[in-house]
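The values are calculated or read from the model by the stated rules, or taken from the named source; none is laboratory data. Worth saying up front: this structure is predicted, and the values here are computed from it rather than measured. Cβ: placed from backbone, ideal geometry, glycine included. Neighbour counts: every protein chain shown. With ligands, DNA and RNA removed, areas are computed over all heavy atoms of the protein, side chains included. Shrake-Rupley method; radii C 1.70, N 1.55, O 1.52, S 1.80 Å.
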Amino acid sequence: SCTKAGGEREESIIHPISMGKIVLKELTMLNFKKIRQQTIKFNEEVTNISADNGVGKSTVFDAFTWLLFGKDSKNRKDFNVKTLDADGNAIPRIPHEVTATLQVDGQTITLCRKLNEKWQKKRGSAVEEYTGNEEERLFNDVPCSLKEWNAKIADICDEDVFKLITNPKYFTSLKTDAQREMLLRMAGNISDEEIASGNEDFTALLGQLTGKTMNEYRKEIAAKKRRIKADADAIPGRIDERQRDIANLDYQS
């Protein structure tokens, strides 16, 4: 918040987090990491996925985050989605897909992300060679560019909000400023006067802002402290200079 000329307070707007009801109905993985093919139908209330270590519980979460954001559950873009053979090599020429059915505020939405290998025959060669990967994204069966996809997913659920509601460690991993901003978004718009209510010191502080935001006032105070410290540090040098001037005075008449 800030104070305008004449003492009138103007409130900055912190948009609270608002999100409709999102239900994951079904998730299908095809050649995604160690899962060759699997479909999971989710209960609207609670779906428990349990298994021994290394069987693929985290892979299910990775599949969903890759589908939405192109990252695994640890926020890495460069992880390997391909299925490996017994020797640890990627099995060639197979599609890698994740498809999900969501219900967003009662509307059914189908999402699909595919990773396909590109193979080409070079001139003069009878053998096709692997030349890289290409990705497809389908929103309700309609192909999307990466920019279009990101915009549509953001309309469903902000990436940071998704991480907050699916990973209990995500909030504590954020920097202090990011935590504060997220808490303010969750709480909604609260004025400085509401926070200062009943606190005389805080109320007096608000009266000293004189057209500045709290952050600007903090920077002003920090700058003044630096100038005072610089002046204090310079005092011994100035005293020494005056003493030399006194020593050099000629008292002869």
Top-ranked residue in the stretch 87-109 [being within 15 Å of T65 (Cα to Cα) and of a type outside the set (A, V, I, L, M, F, W, C); ranked as least open to solvent (accessible area, probe 1.4 Å)]: H96
Filtered residue count, the stretch 1-46, keeping only those that are open to solvent by less than 50 Å² (accessible area, probe 1.4 Å), closer than 18 Å to I165 by Cα and modelled with pLDDT of 75 or more: 3
Some residue of the stretch 212-231 being surrounded by 12 or more Cβ atoms within 10 Å (Cβ to Cβ), assigned to a loop (DSSP other than H, G, I, E, B) and over 23 Å from the mean Cα position of the chain (by Cα): yes
Hits in the stretch 162-179 (condition: of a type in the set (S, T, N, Q) and modelled with pLDDT of 85 or more): T172, S173, T176, Q179
Near pairs, Cβ below 7 angstrom, 6+ apart or cross-chain, from the stretch 59-73 (closer than 13 Å to H96 by Cβ) to any residue that is surrounded by fewer than 20 Cβ atoms within 10 Å (Cβ to Cβ): T59/K34; T59/I35; D62/S73; G70/K77
Scan of the stretch 167-209 for residues that are in a loop (DSSP other than H, G, I, E, B) and surrounded by 12 or more Cβ atoms within 10 Å (Cβ to Cβ), ordered by number: N167, L174, N189, I190, S191, L209
Search result, residues across the stretch 142-166 that are open to solvent by less than 80 Å² (accessible area, probe 1.4 Å), assigned to a helix (DSSP H, G or I) and under 21 Å from T47 (Cβ atoms): I156, V161, F162, K163, L164, T166
Those residues of the stretch 155-186 which are within 24 Å of V104 (Cα to Cα) and among the β-branched types (V, I, T), in sequence order: I156, V161, I165, T166
